[in-house]
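Throughout, read-outs are computed from the coordinates displayed, never taken from laboratory work. Just so it is clear, the structure is predicted and the values come from calculations on it, not from any experiment. Every residue, glycine as well, gets a Cβ built from its backbone with ideal geometry; the counts of neighbours run over all protein chains shown.
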Amino acid sequence: MTPHITRILEAGNSAPSGENCQPWRFVADTSSIEVWNRPERDRSAYNWGQRGSYIAIGAAIENIVLAAGAEGFGAQIQYFPGPDDHIATISLTSGGLRDELADVIALRVTNRKPYRKVSLTAEQRKSLLAASQTSQDPELRFVEAPKEIVALGRIGSINEEIMLANEALHSFFFSHINWTKREDDRNTTGFYIKTLELPPPAVLIFKLLRSWRRARFLCRLGINRFIARVNGTTNASASAIGAIAVSGIEPLDFVRAGRLLERVWLSATLSGLSIQPLTGVFFFKLLCDDRSIDLFSKTERSVIENGCTNAQQIFGIENKRIVAMFRIGPSKPPSARSSRFPLESALS
């Protein structure tokens, strides 16, 4: 494999993914790159119909296109050209244009620290909005009013409120926490505890909550709602909260949403801003809409549906579905980064 293809694939392999599962596989030669989904990498409840993986793979495709331009190649994309798991074939052509976003692919990171509550500058706002290459679909929206940021921060924390009190989700989450750097390096997937930016008392609480029996008892006392309120406050420490909405729920809708999310994330990185996705509740909504799935109680379903409805209203989004929400703002660097699979493990 030539050095420029290796660099392009390294960029694709640097994309974000839920639980750091990195669900892509690449097949490459000197003129094309096939991008495949690996369903076995993410079997979580969050990944209804592989929609979470499609967003992650969309981000990987965006990185590949940007890196190809930096290497002097254009990129022509054919989506879903074969079996369902064959997401795209990217043909490399001559005469590509360099985009400065390619320069920060390796610097992009999830940052869960509290952000500084300062307004976006006009230049930052312009850069973020320019990341959207279309105003139609997927659609990008930002909210900057403090009261609305607080409300959306609380909606984002519904994920923790539901997850801690739901046995299936609780089991998945705590089975994916890596408590030490050695464990994170060994697993190369999941949540490295330091990336959650928990203060020492909260780390002890999380260790206590590892047991479903203890967690169930403490949730009856309201520990899940307390943690959600605390996280909601952290979520609201932001300059803005953004959302990406799509018209449908087809796989390609989510792939395109992932491409846009990555462009926004890279634009924020280039502008010195941090991003944290707050997307869990919107994936719960996909599960709620599938009446064949009985994962949530009646109360949990009501909390999820009300939260998503309120988010739609705050962003002023009609006749579309929010599939990604994120907070954005200036912050200190994250305390740690999760380990990742090497490129070799993503190649066929």
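Each residue of region 77-83 was assigned a 3J(HN,Hα) from its phi angle through the Karplus curve 6.51 cos²θ - 1.76 cosθ + 1.60 (θ = phi - 60°); the sequence is 10, 10, 8, 6, x, x, x Hz, with glycine and proline shown as x. Taking 12 Å as the straight-line reach from the Cα of Lys332, the aspartates and glutamates in range (excluding those fewer than 8 positions away in the same chain) are Glu197. Angle of helix 251-270 to the longest C-alpha principal axis of the chain, folded into 0 to 90 degrees and rounded to 10: 90°. For Asn178, the amide hydrogen comes within under 5 Å of the amide hydrogens of Phe191, Tyr192, Ile193, counting only partners 5 or more places away or on other chains and with H modelled in the peptide plane. Legend: ranking of residues Lys181, Lys320, Lys113 from fewest to most surrounding C-beta atoms inside 10 Å; resulting order Lys181, Lys113, Lys320. Fewest neighbouring Cβ atoms within 10 Å first, the residues Trp212, Trp36 line up as Trp212, Trp36. The calculated FRET efficiency for the pair Glu183 and Lys332, based on their C-beta separation and a Förster distance of 22 Å, comes to about 0.30.
When only alpha carbons are used to place a centre, region 1-67 and region 258-286 end up 16 Å from one another. Springs between Cα atoms under 10 Å define the GNM used for the chain, and in it the highest mean-square fluctuation of Ala324, Ala236, Ala202 occurs at Ala202. By the rule of a C-alpha distance below 19 Å, with chain neighbours fewer than 8 residues away ignored, the lysines paired with Lys207 are Lys181, Lys194. Of the candidates Ile64, Ile177, Ile162, which one comes out as most mobile in a Gaussian network treatment of the chain with C-alpha springs shorter than 10 Å? Looking only at Ile64, Ile177, Ile162, the largest GNM fluctuation is found for Ile177. For region 3-108, the relative contact order is 29 percent, taking Cα pairs closer than 8 Å that sit 6 or more residues apart in sequence and dividing their mean separation by the residue count. Beyond 28 Å, how much of the Cα-Cα pair distribution for the chain remains, as a whole percent? Of all Cα-Cα distances in the chain, 40 percent exceed 28 Å.
Listed from fewest to most Cβ neighbours within 10 Å, the set Glu40, Glu62 follows the order Glu40, Glu62. Computed across region 1-117, the Kirkwood hydrodynamic radius from all distinct Cα-Cα pairs reaches 14.8 Å.
Distances between placed amide hydrogens fall under 5 Å for Tyr115 paired with Ser237, all partners being 5 or more residues away or on another chain.
Which whole-number percentage describes the relative contact order of the chain, with Cα contacts under 8 Å and a sequence gap of 6 or more? Working shown, then result.
Numbers: 639 pairs, mean separation 91.5, N = 348.
Worked out over the chain, it gives 26 percent.
Against the chain, whose longest principal axis comes from its Cα atoms, helix 280-289 is set at around 80 degrees. Enter the Cα centre distance for the pair region 215-229 and region 114-134, rounded to the nearest angstrom. Using only Cα atoms to place each centre, the spacing works out to 35 Å. Loop only per DSSP, at most 13 neighbouring Cβ atoms within 10 Å: give me the GluC sites (Glu not before Pro) in region 279-319, ordered by residue number. Taking region 279-319 and a limit of 13 other Cβ atoms within 10 Å, the loop GluC sites (Glu not before Pro) found are Glu318. Here Lys320 is the anchor, and the lysines within straight C-alpha reach of less than 18 Å, apart from those fewer than 8 places off in the same chain, are Lys285. Relative to the dominant Cα principal axis of the chain, helix 51-70 is inclined by about 40°.
When the helices in the chain are scored as -39500 (n - 2.57) per DSSP H run of 4 or longer and the sum is shared across all residues, what 222 nm value do you end up with, to the nearest 500 deg cm²/dmol?
Values: 13 runs with 155 residues, N = 348.
Theoretical 222 nm ellipticity from helices: -14000 deg cm²/dmol.
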